[in-house]
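The values are calculated or read from the model by the stated rules, or taken from the named source; none is laboratory data. Predicted model only: the values in this text are computed from it and were never measured. Backbone-built Cβ (ideal geometry, glycine too); neighbour counts: all protein chains shown.
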Amino acid sequence: MTHRTPTLAQFITEKEHALAVATGEFASLMSAIALSTKLISREVNKAGLVDILGLTGDRNIQGEQVQKLDLFANDTLVRTLARSGAVCIMGSEEVADFIPVAPPHTCGRYVVVFDPLDGSSNIDVGAPIGTIFAIYRRRSSDGPGQATDLLRPGREQVAAGYVIYGSSTIFVYSTGEGVHAFTLDPSLGEFLLTDEGLRIPEQARIYSINDANAPWWPPAVSHWVDGMRHGAGKGRYTARYIGSLVADFHRNLLRGGVFAYPADTRDPALPDGKLRLLYEAAPLAFLARGAGGHASDGYRDILDIVPDSLHQRTALFIGNREEVEAAVACYGQETGRGSSGGS
Ligand code: AHG
Ligand code: MN
Ligand code: MN
């Protein structure tokens with residue numbers, strides 16, 4: 001790494017100038033997310049050393065047990081983003097309702113939705129976990145942010161990204177113009193550019209799905225997975241499933257692969273799948289598209305789905321375009337419903 005390597009802040013400032021939108025507000029917003037994730041990364045790294053592991057004893061809006069790190073990550077993001085002056089309303093996996101930015105904080109032009117800590121089941125075992133975020137420009141003209149500023153199709157995102165807390169801490173984002181990755185240099189406390197314009201490799205070689213749910217999959221998913229297992233003319237696949245969406249997505253983005261969490265019949269309380277549209281599927285779909293990939297719920301382009309509620313669930317197939325389209329084709333054959341090639 002040389003002094004010529006831009007930091008995340010420098011890179012964003014340069015890009016903003018290039019786009020002639022240099023009000024500085026977007027840069028403040030990204031800097032608030034970067035600061036939050038550095039604080040989360042520090043806490044994750046000392047997870048075994050201080051009293052930050054384990055459960056809080058509470059359950060979140062989805063009925064899931066809340067871990068102390070979930071809460072730390074949520075509070076850090078909410079507080080830092082409110083202070084940035086760039087945000088008017090937020091939505092978080094860990095908070096039931098919308099989070100408007102109220103005085104004394106200034107209400108900004110952006111809206112942020114996030115999964116503060118993705119892959120909570122991996123916190124206590126040293127496996128990679130992450131933060132996922134989606135950014136929209138507010139729709140309402142002034143006053144406090146409204147629910148309608150947040151309940152938007154993924155296609156309207158102005159930026160999306162994630163941070164992985166793994167063997168290193170990596171910040172990945174896109175404003176639609178390429179997907180860029182920055183690695184945290186702990187000695188500097190700065191994210192430094194490590195990959196510009198990431199493209200998902202042409203051919204999928206990896207599939208990532210929780211195979212234990214196979215007995216409850218719809219036939220379309222079994223057909224699709226069989227197609228990869230037996231490889232018919234497609235070459236050899238291997239399976240990788242970490243159970244942290246963000247880490248599974250990141251690996252597939254770099255290596256070529258497809259991740260799926262279909263709707264299944266295992267849990268009647270989750271008829272639409274497990275993952276959340278606004279702060280898991282939509283931001284990753286935006287990044288997949290930016291890297292030449294695709295995301296679908298089996299029928300529709302994820303980026304076209306208009307949410308009804310903050311914590312709405314969706315089925316998700318995401319990664320190499322060709323492979324996601326193969327899944328969509330299997331659904332089309334099963335149901336006779338139309339397929340979404342999407343863009
Ligand atoms: P979260 O920790 O934010 O609740 O998300 C967990 C999600 C996602 O990261 C992962 O892909 C999926 O749950 C794994 O689910 P299974 O354990 O059912 O495979
Ligand atoms: Mn998650
Ligand atoms: Mn989470």
Residues being under 20 Å from Glu25 (Cα atoms) and either assigned by TED's automatic domain parsing to the domain that holds Thr314 or assigned to a strand (DSSP E or B) (or both) - total across the range 158-171: 5
For the structure I just gave you, tell me whether Thr131 is of a type in the set (Val, Ile, Thr) and either within 14 Å of ligand 3 (Cβ to nearest atom) or part of a loop (DSSP other than H, G, I, E, B) (or both). yes
Quick check: is even one residue across the range 330-337 away from ligand 3 (no atom under 16 Å from the Cβ) and part of a loop (DSSP other than H, G, I, E, B)? yes
Exception for Pro218 within (1) within 28 Å of Tyr331 (Cα to Cα); (2) surrounded by fewer than 16 Cβ atoms within 10 Å (Cβ to Cβ); (3) of a type outside the set (Lys, Arg) falls at (2)
Taking only the range 223-275 into account, find how many residues are within 16 Å of ligand 2 (Cβ to nearest atom), over 21 Å from Ser168 (Cβ atoms) and aliphatic (A, V, I, L, M). 3
Conditions first: (1) out of contact with any helix residue (DSSP H, G or I) (no Cβ under 8 Å at 6 or more places or on another chain); (2) at pLDDT 95 or above; (3) within 16 Å of ligand 1 (Cβ to nearest atom). Val125 passes all but one, so which condition is the exception? (2)
Tell me which residues, restricted to the range 134-157, are without any contact (Cβ under 8 Å) to a residue 60 or more places away in the chain, part of a loop (DSSP other than H, G, I, E, B) and of a type outside the set (D, E, K, R). Ser140, Ser141, Gly143, Pro144, Gly145, Gln146
Of all residues in the range 221-272, how many are within 16 Å of ligand 3 (Cβ to nearest atom) and part of a loop (DSSP other than H, G, I, E, B)? 4
Give the range 221-247 a look and list any residue that's touching a residue at least 60 places away in the same chain (Cβ under 8 Å), closer than 24 Å to Pro283 by Cα and surrounded by fewer than 19 Cβ atoms within 10 Å (Cβ to Cβ), or say none. Gly243
